[in-house]
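Here is the structure we will look at.
The values are calculated or read from the model by the stated rules, or taken from the named source; none is laboratory data. Everything quoted here is computed from the prediction, not taken from an experiment. Every residue, glycine as well, gets a Cβ built from its backbone with ideal geometry; the counts of neighbours run over all protein chains shown.
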Amino acid sequence: MAYFNKVLVANRGEIARRIIRTCQQLNIETVAVYSEADAQAPFVSEATEAVCIGPAQAKKSYLDIEKIIQAAKETGADAIHPGYGFLSENPVFAGRCEQENIVFIGPSAKVMETMGSKLEAREQMKKAGVPVVPGSVGRLSSIEEALAVAEELGYPLMLKASAGGGGIGMQLVHSREELQKAFDSTIQKAESFFNDGAVFLEKWISHPRHIEVQVAADRFGNIVHLFERECSVQRRNQKVVEESPSPFLDEALREQLLAAAVRGVKEIGYTNVGTMEFIFDEHKNFYFLEMNTRLQVEHPVTEEITGLDLVEWQLRIAAGEELPLQQHEIHKSGHAIECRLYAEDPNTFFPSPGHLTKLTLPQKEVRLDFGVQEGNDVTPFYDPMIGKIIVHGTSRDEAIKKMERALAQMDVQGLKTNLTLLEDIMKNDEFISGDYTTQFLEKKKVQLER
Amino acid sequence: MTGAAKKVLSPIPGVFYRKPSPDKDVYVKEGDAVKEGDVIGLVEVMKNFYEIKAEAAGVLEKFLVNEEDVLDAGQEIAVIVAES
């Protein structure tokens, strides 16, 4: 692949290492950018060259658009891979790259902006015939309008910020009184967090399952899916365990879901890899939730069942190539599971930074995407996820057994991690049955406290 | 007369903030009276916010750290002089 000579990785931790690995395989040079807190991190030494872009706090380093652009210009990078989080879904950053003639490895700034607005995304999906959660049309301009819409939809409802994300700017309301109470404060929160006070109402789905579809599209209008990922094991609206295929879907329902995802992507003119997130209700109805216009944390489970390298696909698409494969050439095989190792208390989920005095990892049958090594500090400045353990088996049962064996071989000392929680999940009857919802961890916690 | 001075410590490492969000006012100014349990600041650790509370009623005499300082676990944040 000759399109890019040098790619700057605008991220840190395990995903920076992951991107560097594929670039090396494709003989592309890499530039790591890092904060002062990450000077000793493995990704810094693994890149061809590295540039310190500022102090520990993300807004002074990894979120500072101009410092990253400057590092790219100084090092002569011809493309920037944003990873996930940080600036990966920031249309201003993508726009700045375009201005400087640096390729942003992701979709266009315009598409990113459209999908960053939940209201706009809902409208686009409706046009494409992709089901969305029943709710209000457009932003709610007054409490009177909200109350009227709520009467029509019926409680309980979710009051949501259009620009919201990560569980912020959402309020569940069960009655007229609760909606009256929540309306102004939700708008205020949306304004102060996201600089956008637009809110809307959505029907609340009880016992939902979170299932997403990996998609890829090139500039020539070719679009494919790479099957689904089941992501219902969550705490605080963040994923802990992911698997593919989803044990909840039968073939007919899977086909419907995958087709809907591809339709939605086609409607918005998306390019590069992305993820369409859906929720399923108890009656197996599914609804579009949002689109992640970037590589996902949990992309390895898709790579394991398809044998494909999604970072390589991102690079090829961004370089202007056609998709490497057509839909009929993409197959899935077996079952993959990913566990996220978080530096946090396994029961309260409270973060636990510290010095990694020991990190023993499993040796066989497992893929390890880790951002740290023994002797590193896990600092308080960034996400608590320190690594991912990924297994592949011929069946779901085999994958669960492999994961159990892998986790049993691990030893992490110097800080708290959720390792024991991950082990419990692999042995949990409800998880093993495959019949679990996003309430799984909450329910499990309640049982433990009894 | 003034009562005993008590130091408020951060139980966790992280970044210290005196305001609930960048465009809001500080929780408490030096010289303000505080009640037990009043929030006097936030520490951000791994994208989570931990509230720092006054452990006793009194007057918040002085902050020992600045907005956005990086704290170690156990670091002294402020001095509260108890009512007497």
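Structure data summary
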read-out	value
Test for residue B:68: is it within 14 Å of chain A (Cβ to nearest Cβ), charged (D, E, K, R) and on the phi > 0 side of the Ramachandran plot	yes
Failed criterion for residue A:346 (all others in (1) under 21 Å from residue A:301 (Cα atoms); (2) in contact with a helix residue (DSSP H, G or I) (Cβ under 9 Å, 6 or more places away or on another chain); (3) modelled with pLDDT under 95; (4) not basic (Lys, Arg) hold)	(1)
Residue match in region A:346-353 (condition: surrounded by fewer than 22 Cβ atoms within 10 Å (Cβ to Cβ), in the same structural domain as residue A:299 (by TED's automatic domain parsing), without any contact (Cβ under 8 Å) to a residue 12 or more places away in the chain and more than 30 Å from residue A:249 (Cβ to Cβ))	yes
Region B:5-18, residues that are loosely packed, with under 14 Cβ neighbours inside 10 Å and within 11 Å of chain A (Cβ to nearest Cβ)	B:11
Of the criteria (1) more than 14 Å from chain B (Cβ to nearest Cβ); (2) over 23 Å from residue A:441 (Cβ atoms); (3) modelled with pLDDT of 95 or more, which one residue A:363 fails	(3)
Residues satisfying the stated conditions in region A:318-368, i.e. more than 30 Å from residue A:221 (Cα to Cα), of a type in the set (Ser, Thr, Tyr) and part of a loop (DSSP other than H, G, I, E, B)	A:348, A:352, A:357
Only one of A:129, A:165, A:154 that is surrounded by fewer than 18 Cβ atoms within 10 Å (Cβ to Cβ) and farther than 24 Å from residue A:294 by Cα	A:154
Tally, over region A:302-332, of residues that are more than 19 Å from residue A:81 (Cα to Cα) and in contact with a His (Cβ under 9 Å, 6 or more places away or on another chain)	6
Residue count for region A:151-185, restricted to those that are hydroxyl-bearing (Ser, Thr, Tyr) and within 21 Å of residue A:438 (Cβ to Cβ)	1
Sole residue being of a type in the set (Lys, Arg), touching a Gly at 6+ places or on another chain (Cβ under 9 Å) and either free of Cβ contacts under 8 Å to residues at least 60 places away in the same chain or assigned to a loop (DSSP other than H, G, I, E, B) (or both), chosen from A:110, A:73	A:110
Given (1) within 14 Å of chain A (Cβ to nearest Cβ); (2) within 20 Å of residue A:379 (Cβ to Cβ); (3) surrounded by 15 or more Cβ atoms within 10 Å (Cβ to Cβ), index of the condition residue B:77 fails	(1)
Count of residues meeting criterion [without any contact (Cβ under 8 Å) to a residue 24 or more places away in the chain and touching a Ser or Thr at 6+ places or on another chain (Cβ under 6 Å)] in region A:246-282	0
